[in-house]
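Read through the structure below, which is laid out as structure tokens, and then see the notes.
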Amino acid sequence: MPRMLDVSDDVRAEIGDEEADRLLAGENAPGSYDCTSCRTPGDSEQERTSTVLFIGDETAVLAFAHATCLPSQVVQVTEAQLQGAVRSINPDGVPAQAAPEQAVLGVTSGLVLISGELHPALVVEPTGPIVRPGSTDIGDDFLPLLIEQGFMPVTELSSVPPVLHGWSVLLAMGQLHAVLQPGTGGGSPVAWWQAHQALQVAESWRAAANKHQQVLLFAAPVGSIGRQPREDLLRDALDKAAANGKLVAAAMPLAGT
């Protein structure tokens with residue numbers, strides 16, 4: 001069935017007329033998808049949908065977004081961003097080239113009570129298992145990879161995790177833009193996770209971030225947290241993940257306002 005897809009001239013030029021026509025005919029496009037911008041469900045059979053092509057140095061991945069969120073466009077990203085475990089690309093994205101299927105990180109903001117004080121937190125959970133780059137093993141290396149980067153295992157949320165130096169959370173104009181990590185060889189920081197459209201955070205979250213000048217980042221493997229509609233449910237899920245040995249954390253300085 002034909003899809004209500006927008007394929008820009010730039011995207012068509014990159015993927016070719018034949019692939020673009022197949023998408024428009026509904027052959028390669030999903031009906032339902034998670035918008036790569038706002039991360040809520042969409043349906044290309046029922047609403048206008050933009051094709052967004054993310055291009056790295058060697059790999060390209062085609063994702064989908066509500067046309068009201070993003071126009072159809074080509075987005076240049078680093079290969080590390082594209083191949084890394086954390087990036088905001090639709091999990092139903094169709095590889096435009098021979099790209100391996102990639103897991104996508106869900107990022108949730110919330111306030112977490114520790115030692116009687118509220119702290120701004122980001123909770124990160126992938127949509128699928130994360131394997132070590134270059135590995136052919138079937139497993140989930142998400143937490144070991146983060147521990148190697150300096151994240152600390154958490155067994156209970158009783159104290160604030162230590163600061164992970166060189167990392168930061170970029171907040172600008174009250175919106176969440178990225179989590180930055182140290183660049184290779186001591187270079188400029190690079191995006192470990194980046195929102196392709198800045199994410200709104202609650203005023204209470206921003207106030208807490210400005211007060212503490214840091215954000216707590218918690219990460220858990222797929223299936224450990226889930227999408228929790230309330231902060232008390234999010235806290236319960238964090239406590240359970242910690243008790244099950246499936247949670248790591250770090251405190252990161254706030255970059256921006």
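At full extension, Q46 and Q149 could sit 32.8 nm farther apart than now, given 0.36 nm per residue minus the alpha carbon distance. A simple rule links phi to the HN-Hα coupling: the Karplus curve 6.51 cos²θ - 1.76 cosθ + 1.60 with θ = phi - 60°, which for segment 122-127 gives 10, 10, 10, 9, x, 7 Hz, with x for Gly and Pro.
Phi angles of segment 215-222 translate, via the Karplus equation with coefficients 6.51, -1.76, 1.60 and θ = phi - 60°, into HN-Hα couplings of 10, 8, 10, 10, 9, 9, x, 3 Hz per residue; Gly and Pro are given as x.
Subtracting the Cα-Cα distance of Q76 and Q228 from their residue separation scaled by 0.36 nm leaves 51.5 nm.
Since every read-out is calculated from the coordinates, none of them should be taken as a lab result. In this text the structure is predicted, and so the values were computed from the model without any measurement.
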